[in-house]
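Inspection log for the structure reproduced underneath, given as C-alpha cells.
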Amino acid sequence: MNRRTSLRSILALSALGISSFSAYKWFDLHQKISLSQIADFKVLIAELAETIIPQTDTPGAKSAGVQNYIINVLHNCTSKIEQNKFLNGLENVQNYTQSKFNKSFDRCTPLERVEILKHFEENDTYRYQILNKINNKLVGRPFFTLLKQLTVEGYCSSELGASQGLSYDYIPGSFIACTSLKPNQKSWATK
C-alpha cells in the first residue's frame, strides 16, 4: 500500500472523528430542557447550596429555599447551553461522588462535600482570568461558577437571607453614600 494513501486515509478518518464529536457536543449542549429534568435534581441542588452557605447562627441556603430559586432561574432565565452545562455538572457531581466515596452527595460528611466542591471549582476555572472570560462568552458560564452565583443571589434575595443573614433596614432614615462598618457588623441588604 502506498504511504501517501494511508496517511490521507488516517487524516480523513481523524478529521471525520473530530467533526462528528464536535457535532455531537454541539447538539448535546443545545437540547431543550424541561422543568421536570431540572426538578429531578432538587435535593442535590439543595445540598450543594447548603454546602456553599451552611446554616450557622443564621439560616443556611436550604432554609432560605435557594434550591427553588435556582430551579426557577435555570428554567426561565438561562440559555439552553447553560441549562445543559448545569445538568451535566449535576450528573458529574453524582458520578464523581459515587466513584470517590461510594455514596451519594447527601450522605457525605461536610468535609467530603467541601472536597467535592473544591474539585469542581478547580476543574471549571482556568488560572488566567482572560481564558475564563473567553470561555464564558463562547460557551456560557461553567457549572460551579453558575451554582455559586445563583446560590448567593438566591440567598441574598430571600427573606431569611436578607433579614437574618444580612443587615436589613426596612425603612432607612437617611441616605449615607459612604459609611464605615462597625466591628462585627453585618453587610447591608439594602444598597
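The values are calculated or read from the model by the stated rules, or taken from the named source; none is laboratory data. Quick caveat, the model's predicted, so the values are computed rather than measured. Cβ placement follows ideal geometry from the backbone for every residue including glycine, while neighbour counts extend to all protein chains displayed. These accessible areas exclude ligands, DNA and RNA; they are computed on the full protein's heavy atoms, side chains included. Shrake-Rupley method; radii C 1.70, N 1.55, O 1.52, S 1.80 Å.
Out of the residues in the stretch 8-26 that are at pLDDT 65 or above and open to solvent by 100 Å² or more (accessible area, probe 1.4 Å), which is farthest from ASN84 (Cα to Cα)?
Once the filter is applied, the top-ranked residue is ARG8.
Specify which of the listed residues (SER158, SER79) is over 16 Å from the mean Cα position of the chain (by Cα) and touching a residue at least 12 places away in the same chain (Cβ under 8 Å). Testing whether each residue is over 16 Å from the mean Cα position of the chain (by Cα) and touching a residue at least 12 places away in the same chain (Cβ under 8 Å) leaves just SER158.
Of all residue pairs spaced 6 or more apart or on separate chains, those with beta-carbon atoms under 9 Å, a first member in the stretch 47-60 that is closer than 15 Å to ARG113 by Cα and a second member that is open to solvent by 70 Å² or more (accessible area, probe 1.4 Å) and among the acidic types (Asp, Glu) are GLU47/ASP106. Only helices (runs of 4 or more DSSP H) whose full extent lies in the stretch 55-157 are considered here, and the ones with at least 3 residues that are closer than 22 Å to SER36 by Cβ and either among the acidic types (Asp, Glu) or open to solvent by 50 Å² or more (accessible area, probe 1.4 Å) (or both) are 66-77, 80-101. Out of (1) in contact (Cβ under 8 Å) with a residue 24 or more places away in the chain; (2) exposed (fewer than 13 other Cβ atoms within 10 Å of the Cβ), the odd one out for LEU44 is which? The single condition LEU44 does not satisfy is (2).
Scoring ILE45 on the criteria (1) at pLDDT below 75; (2) touching a helix residue (DSSP H, G or I) at 6+ places or on another chain (Cβ under 7 Å); (3) in a helix (DSSP H, G or I) leaves a single failure, condition (1). Within the stretch 130-143, not a single residue is within 22 Å of TYR69 (Cα to Cα), touching a Leu at 6+ places or on another chain (Cβ under 8 Å) and modelled with pLDDT of 90 or more.
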